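Reading through the structure tokens given below for one structure.
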Amino acid sequence: MKKAKKVICIMLTMLYILSMCLTSYAATDAETTSAPKNYACYYVDNNGSDSNNGSKQAPFQTIQRAKEAVRTRIGEGRLPEGGARIYLRGGIYYMYDSLVFEPEDSGYEEGKIIYTAYPGEEVRISGSKPIEQSWFRPITEEEKTPIIDQEAASRVMVADLRNNGITEYGELNTRGYHYFNKGQYMAAELIVNGENQTLARYPNEGTIPVNNKNLLPEEMSFKYENERPSSWVNATDAWICGTLSINYENNYYPIDNINTTEKKIKLKEGKIKTYYTNGWYFAENLLEEMDQVGEYYIDRENGKLYYLPPEDFNTNNYTIELSTIGNPIFYFNGAKNIAVKNMTIEGGRGYAALGTTKDYKIMTYGEFLRKNNMTNPITFDPNSTHFLRLADPLNYPEAQVFPGHIWDGFLDDGAGVQGIEFRNCQIRNFGQGGLIFRGTKIKLEYNEIKNIGGTGIFMSGGDYETLTSSENSIINNTIHRVGYQHRAYNPALAIQGVGCRVAYNDVYDGPHCIINFGGNDHIFEYNKIHDAVKECLDMDAIYTRNEISPQQRGSMFRNNYIYNLGIYPVGEYIKQFNVCGIRTDNNGHALQIYNNIFANIGSNKANNVVAVRAQGTRSVIKANLFLDCSATYWGFDSYKPSMTWNTEDEETRRRLELVKTYAANPVYAAKYPELLTFHQEFYAAVATNVFDENLTVNIKFPLSTINGTPLPSGARGATELILGTNNIATTNDPGFNGYSNGDYELQTGLTLLDQIPNYKNHNMKEFGPKSFNAKVLTEDLADYVINLDTNTVSKELLMKNLMEVTNYLNKEQYKLALLNIKLFMAKVWLQTPWIINTEQSDVIFNDSLSICKTIWEEAQRKAESKSDNRIDQIFDFLHSFTIETDKTEKYNALLDTMDDLIDSVQ
């Protein structure tokens with residue numbers, strides 16, 4: 001049988017060679033490709049020219065020129081059904097204005113306009129200005145004078161930016177909670193080797209506590225006990241960051257002056273008001289405090305950059321840049337079906353990418369304040385004694401970015417964009433935000449998004465009235481170090497609208513909430529969510545509030561790994577408190593939480609550090625693992641059966657009327673029938689919340705009793721208000737595969753799994769980003785083949801099989817996908833080395849065999865099957881083939897092994 005298959009394979013490939021020889025010709029049209037579904041092709045190279053035709057041999061110099069060429073082609077009706085691809089050759093493309101894509105730049109749903117790095121080459125699009133290492137010199141004795149640490153001063157260097165043509169540094173501005181975000185670009189930041197550096201600050205880590213007794217709100221001042229601020233009396237443009245009021249705010253305020261006699265710091269703007277906790281702050285933009293490697297300070301008046309570099313600065317090469325561009329690098333203004341792939345996008349003071357409805361206009365700061373009823377004149381009077389002081393909004397006549405929190409500053413309710421895609425990009429070092437979109441069918445996949453001063457990803461789309469899904473997806477991304485410029489309510493993920501899927505992401509390292517969501521029917525699954533709420537209290541890793549709009553429901557958290565929360569010291573508080581893994585605030589409703597792992601949340605005897613807090617109605621917490629959590633689920637504490645909604649309260653009446661309106665909508669009534677009885681289900685009187693089939697394990701420390709004795713189920717709250725009786729709580733290891741090394745999968749055969757039948761026994765490898773799927777790998781290999789310097793017919797015949805692989809993968813016909821990869825490799829083999837050289841052939845075979853393994857794994861997951869020893873031997877052989885220098889002797893064995901692999905697929 002195998003010999004017959006081999007003969008057929010040889011016959012097919014011989015026919016292929018014959019047809020190729022009879023019809024071979026050289027491709028000369030730069031704007032067409034040899035793919036079965038044709039697409040236009042353009043090339044960009046820093047060494048090209050915009051007067052060229054954009055071919056591989058005569059590339060454009062700028063991305064803008066390539067964009068114009070595609071638009072012209074679209075306008076003339078000559079865009080092929082496969083769309084267009086713009087290949088950027090390796091290098092850095094510096095950009096200081098947006099690439100604006102409008103409807104006239106749009107591709108097709110099945111034929112997008114794709115901007116991608118040339119296969120195998122590294123591309124960076126940067127909004128920064130490069131700084132030469134040779135510009136730096138040691139500072140003079142006079143320049144050292146302000147610096148407190150004179151030993152560190154001896155290592156500080158300075159570069160004259162202005163004399164080298166860099167004159168745009170931006171301005172520091174107030175920011176933080178809501179009305180302090182004025183819609184301004186961030187100030188320029190120093191970036192070295194791709195990582196943003198630290199604006200000189202004190203202390204270098206942590207904060208300085210401020211006791212409430214030292215707050216002087218009527219003076220917009222506070223007293224300091226630490227002597228260090230007295231050293232900043234001559235500082236120019238010094239700022240503090242922290243809270244002198246509510247403990248879930250972290251705001252940036254400008255210092256007006258420092259009175260060293262009375263030990264008082266007076267602010268130009270700010271909010272000073274006592275709260276039940278004391279405050280904290282750190283100070284920054286202080287030349288005086290340069291004492292740690294990586295710190296910098298910009299003297300804006302004289303155009304000089306001070307930097308405390310690494311020890312090997314003078315002997316090694318460093319890439320040094322100053323973020324400059326304010327506008328988003330990619331601006332999709334009502335555009336459709338455009339993709340950005342395989343590149344680094346970095347170094348801006350605004351957003352990396354923005355997608356809006358055509359010509360949507362950002363509201364000004366003044367409009368934002370009026371919308372939120374922040375119009376009290378004393379707030380803007382510099383001579384006021386009010387606890388809240390803001391600069392006159394007339395000082396901000398234009399909005400550069402969205403004021404306030406992005407979800408209440410970005411009020412685009414139009415169609416937005418459609419079919420925008422970012423894949424396999426590193427997006428880093430943007431002061432205001434990462435990827436910000438309103439629209440539908442947006443796909444963000446396999447990206448790393450890091451060092452983002454504000455929100456990492458904002459996504460909104462779909463139709464609230466009809467519950468039509470946005471079909472947006474955020475899958476297989478790593479998103480970390482967010483909100484370092486806006487330290488309140490600027491999460492890694494902010495999701496609004498209807499029907500966004502958030503899956504297989506690793507989301508971590510934020511000062512405040514790491515996920516904030518609203519709207520309907522979102523799915524969050526298989527994510528790793530951890531190490532958040534690192535700089536505040538009274539906040540939650542995953543935060544929502546729908547008490548003001550109870551019709552917003554249907555979102556589900558299932559199969560996520562949520563961990564390392566409520567463990568960070570803040571201000572004077574060594575143990576964090578009032579922190580949750582997931583919370584719907586202010587007695588909100590309808591959390592759906594299934595089969596998640598919550599681990600290492602809180603500490604021994606923690607005060608209100610809880611995995612899940614949902615004290616409204618209709619929440620379901622089912623079949624989760626709570627491991628070493630100081631509290632699991634916190635429901636409403638007091639059962640009051642005679643209590644009903646307070647209809648004397650205007651806001652309560654508004655909410656009840658809102659629910660009544662949506663309950664009358666047939667779409668809502670069918671999907672959320674509980675809205676029909678919402679008015680009868682007051683959260684303190686009627687049991688609607690479910691806590692069932694959960695496993696609670698406390699090995700490191702017991703459940704906390706600081707806020708009351710936990711129930712036998714492991715939950716907290718009034719028993720009369722919690723449905724569900726089938727829970728397990730223990731202080732012993734129930735049989736984890738490896739508790740000490742973080743493997744929380746339970747061993748097979750445990751009887752406790754029979755007691756909680758809906759509990760999902762997770763393999764820890766299920767969570768977080770996965771490697772590229774077979775379709776992505778196939779598309780990338782197709783890009784490589786298209787760019788081979790061979791004749792057109794050769795590539796057409798190779799591409800035919802790759803396109804068939806993609807088609808069969810879309811249909812989940814894995815056997816046929818593998819068969820076409822085998823035929824593809826046979827064609828490549830027969831072209832080597834006469835048409836395809838050996839080096840190219842090695843790349844193709846390595847990529848092809850990676851695709852084979854991935855296809856098999858996807859087929860096994862679909863069939864819920866496990867591998868056996870024979871499969872391990874197959875993959876061992878495939879690996880040995882990829883590293884073989886001379887593959888000739890093993891080629892026949894490869895064909896046999898491929899047959900075995902194909903036969904193993906169910």
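Laboratory data are not the source of any read-out in this text; all were calculated from the coordinates shown. Not measured: the values here are computed from a predicted model. Glycine also receives a Cβ, built like all others from the backbone with ideal geometry; neighbour counts cover every protein chain displayed.
Values as computed for the structure displayed
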| quantity | calculated |
| --- | --- |
| Amide H contacts of residue 478 (H built 1.01 Å from N, under 5 Å, at least 5 apart or other chain) | 447, 448, 449, 506 |
| Low-density loop cleavage sites - chymotrypsin sites (Phe, Trp or Tyr not before Pro) in segment 828-870, where at most 10 other Cβ are within 10 Å (DSSP) | 834 |
| Under 14 Å from residue 890, Cα to Cα: aspartates and glutamates that are on another chain or at least 8 residues apart | 842, 876 |
| Top positive-direction residue, dipole computed over the chain with Cβ charges, set 740, 478, 755 | 755 |
| Low-density loop positions, trypsin sites (Lys or Arg not before Pro), segment 824-906 - DSSP coil, at most 11 other Cβ in 10 Å | 866 |
| DSSP beta bridge pairing in the chain, given as percent antiparallel to the nearest 5 | 30 percent |
| Size of electric dipole in segment 131-323: Cβ of Lys, Arg +1 and of Asp, Glu -1, about Cα centre, debye, nearest 20 | 820 debye |
| Distance from segment 160-232 to segment 550-614 (C-alpha centre basis), Å | 30 Å |
| Segment 40-125 - percent relative contact order, Cα under 8 Å, separation 6 or more | 30 percent |
| Cα gyration tensor of segment 131-323 - equivalent ellipsoid semi-axes, whole Å, descending | 31, 18, 14 |
| Calculated P(r) of segment 766-849 - Cα pairs past 16 Å, % | 50 percent |
| J(HN,Hα) series, segment 159-173, from Karplus relation 6.51 cos²θ - 1.76 cosθ + 1.60, nearest Hz, glycine and proline x | 10, 8, 5, 4, 5, 9, x, 9, 10, 9, 10, x, 10, 5, 9 |
| Sorted by Cβ neighbour density within 10 Å, fewest at the top, the residues 562, 844, 420 | 844, 420, 562 |
| Neighbour-limited loop hits for trypsin sites (Lys or Arg not before Pro), segment 588-657 (at most 15 other Cβ within 10 Å; DSSP other than H, G, I, E, B) | 605 |
| Helical contribution to [θ] at 222 nm, DSSP H n ≥ 4, -39,500 (n - 2.57), averaged over the chain, rounded to 500 | -6500 deg cm²/dmol |
| Under the Karplus curve 6.51 cos²θ - 1.76 cosθ + 1.60, θ = phi - 60°, whole-Hz ³J(HN,Hα) for segment 601-607, x wherever Gly or Pro sits | 10, x, 8, 4, 6, 5, 9 |
| Kirkwood Rh and Cα Rg combined as Rg/Rh, segment 40-125 | 0.95 |
| Which of 275, 254, 138, positive extreme of dipole for segment 131-323 (C-beta unit charges) | 275 |
| Sequence of 754, 531 once ranked by neighbouring C-beta atoms within 10 Å, starting from the fewest | 754, 531 |
| Residue-by-residue Karplus 3J(HN,Hα) for segment 624-640, coefficients 6.51, -1.76, 1.60, Hz, glycine and proline x | 9, 9, 10, 10, 6, 10, 5, 8, 9, 10, 10, x, 5, 7, 10, 8, 10 |
| Within segment 40-125: Cβ-based charge dipole about Cα centre, in debye rounded to nearest 20 (Lys, Arg +1; Asp, Glu -1) | 240 debye |
| Amide hydrogen neighbours beyond the local backbone of residue 355, cut-off 5 Å, H modeled | 332, 436, 437, 438 |
| Spatial separation of Cα centroids for segment 64-82 and segment 864-906, in angstrom | 44 Å |
| Amide proton proximity set for residue 599, modelled H, under 5 Å, gap of 5+ | 562, 563, 564, 627 |
| Relative contact order of segment 131-323, defined on C-alpha pairs under 8 angstrom at six or more residues apart (%) | 31 percent |
| Bins of 5 Å from zero: percent of alpha-carbon pairs in segment 732-792 | 3, 14, 15, 13, 10, 7, 7, 7, 7, 6, 5, 3, 2, 0 |
| Taking the chain and dividing mean pair separation by its residue count, relative contact order in percent (alpha carbons under 8 Å, at least six apart) | 9 percent |
